[in-house]
Amino acid sequence: MMINWKHAVMCANTSNAVYADEPLCKEMVEQYCKTKKSFMFFKHNNAEACAYVHDTKHIVICFRGTQPAQLSDIVADLKSWQVDSETEGEVHAGFKGELDKLWTHIQGYAEMKQCAGKHILVTGHSLGAAMATIAASRLKALGNEVTLYTYGSPRVGDHTWSKQFDNIPAYRFVNNNDIVCKVPPYGFFTHIGELKYINYYGNIRNVTWWQRFKDQMRGRWRALMKFQLFDGAFDHSMTLYADKVKRHLPD
């Protein structure tokens, strides 16, 4: 299955919008994603997500990423031991815990009359990307058709758990030196999905390990030349992801 770039841009815009509070998030979704249908905003114990009907065939479910001022988000990121998933294999304890806070609402939304049977686009950035990845596996296990778009995602589960994504279309966007994409350490956790690497120039390329290494060195050097000492954190910006993905939308 080839990537749908319109969906990739819409999911990027939504992943950016969900960082706002509910009224502004709804306004941004209506403006950038051209929909006013069945918008809902979910919040419980500082975990947040939004959802809406995109068209007659698709709904979108989007999870908010890490807010540095929210202690619960930081704690979730640090709970990097493995626990049993709800499907198979093991996943990051903190990411699972954050999704569990919202799961009843998410499952209920997908089963609503206006949503039932529609293809679900699941998305998020950072911690939200990790939550979206686990949610995609659960929604698929419940019999839904699912496609996953993530931006700046950390590793989420073990190799056994990752096998589920052989049957789930998943597109994982990584912006140059984004530091979050390098954690937790490889071995206990692994990435899933088709890598869409955004190079230093903003182009999305299929690259070899060596090409990616050279491009990351280029990014670090140019950042130092601009006295930008935290290149990996800078590249994690969801606004940057949205801007760069938008460039690849066909005319």
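The values are calculated or read from the model by the stated rules, or taken from the named source; none is laboratory data. Bear in mind the structure is a predicted one, so any value in this text is a computation, not a measurement. We place every Cβ from the backbone using ideal geometry, glycine too, and count neighbours over all the protein chains shown. To get the accessible areas, we keep the full protein, side chains included, count just its heavy atoms, and leave off ligands, DNA and RNA. Shrake-Rupley method; radii C 1.70, N 1.55, O 1.52, S 1.80 Å.
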- May I ask what percent, to the nearest 5, of DSSP beta bridges between residues of segment 101-251 are antiparallel? 15 percent
- Query: Helix 127-141 versus the longest principal axis of the chain: what angle, 0 to 90°, nearest 10, using Cα atoms?
  - Reply: 50 degrees
- Evaluated at q = 0.08, 0.12, 0.15 Å⁻¹: base-10 log I(q)/I(0), Debye formula over Cα of the chain: -0.28, -0.64, -1.03
- For LYS196, which sequence-distant residues (separation of 5 or more, or a different chain) have an amide H within less than 5 Å of its own amide H, given hydrogens modelled in the peptide plane? ARG172, PHE173, VAL174
- Report, to the nearest 10°, how far helix 5-17 tilts away from the longest principal axis of the Cα atoms in the chain, using its own Cα long axis and a range of 0 to 90°. 90 degrees
- Task: Kindly give the semi-axes, whole Å and largest first, of the ellipsoid equivalent to segment 1-134, taking each as the square root of 5 times a Cα gyration tensor eigenvalue.
- Result: 24, 17, 14
- Message: For the chain, take the longest principal axis of its alpha carbons; what is the angle in degrees between that and the long axis of helix 93-110, to the nearest 10 within 0 to 90?
- Response: 40 degrees
- Task: Could you provide, to the nearest whole Å², the per residue accessible area of segment 119-251 with probe 1.4 Å?
- Result: 46 Å²
- What net charge do the residues around GLN164 carry, taking every other residue with its C-beta under 13 Å from that of GLN164, with Lys and Arg at +1 and Asp and Glu at -1? -2
- Message: Per q in 0.16, 0.18 Å⁻¹, report the Debye log10 I(q)/I(0) for segment 138-224, using one uniform scatterer on each alpha carbon and no solvent.
- Response: -0.69, -0.84
- Task: Kindly give the semi-axes, whole Å and largest first, of the ellipsoid equivalent to segment 68-186, taking each as the square root of 5 times a Cα gyration tensor eigenvalue.
- Result: 22, 16, 15
- Note on the structure: Carbon and sulfur atoms account, in whole percent of the 1.4 Å probe accessible area of segment 154-251, for 60 percent
- Message: Just to make sure I understand: if all protein chains stay in place, what is the order of MET217, MET10, MET28 by accessible area at 1.4 Å, largest first?
- Response: MET217, MET28, MET10
- Sequence ranges 205-212, 57-64, 241-248, ranked by mean other-Cβ count within 10 angstrom, highest first: 57-64, 241-248, 205-212
